Amino acid sequence: MSNGVSNDGDSQSFDKRQLFEVLNDVKKGSFTARMPGGAPGLDGRIAATLNAISELNQRNVINLARVAAVIGAVAEGNLSETLELEPEGKPLEGQYLRTARNVNTMVKQLRYLSSEVTRVAREVGSEGKLGGQAKVPGRVRCLEGPRGQRQLHGR
């Protein structure tokens, strides 16, 4: 037995103890353990499939950490961070691509809203203009009419 592969008569197969250890690592959330390559037949396909599952999960953990970092930056008031849609030259796909686009749109909208609030506050503070309205495209806004009634405008 060398390199996780044992020799059972004429056919080579992987070490079942190593298979168990890799599966146990995956169960615990560690996706860096891999089966050795090179085993022929079904054993080789099992090892390759397990390695592919580990690699996919490892990428998912990395992508989730990137999403968390951008959301954390927003929570701290940093609206300059966005998610790359092609990290390390590999385009995101599926749900991670949709999530990245949604997060980037959220950050863009918050950035725009923040700049409008700042603009209106500046007008009120320096120019004394009361009743300034933020202009946020595609959003419903509520304005107070002359008799105190509320009117919905926008969209």
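Just so it is clear, none of the values below were taken in a lab; they were calculated from the coordinates. This is a predicted model, so every value here is computed, not measured. Because the Cβ atoms are built from the backbone with ideal geometry, glycine has one as well, and the counts that use them run over all protein chains shown.
For the stretch 52-127, which GluC sites (Glu not before Pro) are both in a DSSP coil and crowded by at most 15 other Cβ atoms within 10 Å?
Details: sites: E55, E76, E81, E84, E88, E93, E116, E123, E127; in loops: E76, E81, E84, E93.
Taking the stretch 52-127 and a limit of 15 other Cβ atoms within 10 Å, the loop GluC sites (Glu not before Pro) found are E76, E84, E93.
For F14, enumerate residues with amide H under 5 Å from its amide H, sequence gap 5+ or separate chain, H modeled in the peptide plane.
It is S6, by chain and number.
Summing +1 for each Lys or Arg and -1 for each Asp or Glu, what net charge is found among the other residues whose Cβ lies under 11 Å from the Cβ of A48? Can you show the working numbers first?
Values: positive: R34, R45; negative: D43, E55.
Neighbourhood net charge equals 0.
In terms of modelled amide H atoms, which long-range or inter-chain residues lie less than 5 Å from the amide H of M35?
Distant-sequence amide H within range of M35: N51.
Can you compute 3J(HN,Hα) from phi for each residue in the stretch 70-87, using the Karplus curve 6.51 cos²θ - 1.76 cosθ + 1.60 with θ = phi - 60°, rounded to whole Hz and x for Gly and Pro?
Ordered by residue, 3J(HN,Hα) equals 5, 5, x, 5, 4, 4, 8, x, 8, 9, 9, 7, 9, 8, 6, 8, 9, x Hz.
Which whole-Hz ³J(HN,Hα) couplings does the stretch 107-115 yield from phi under the Karplus relation 6.51 cos²θ - 1.76 cosθ + 1.60, θ = phi - 60°, glycine and proline marked x?
Once rounded to whole Hz, the list reads 5, 4, 5, 5, 4, 5, 4, 4, 5.
Measuring from label point to label point, each 7 Å out along Cα→Cβ, what is the K108 to R122 span in nm?
Calculated label separation equals 2.3 nm.
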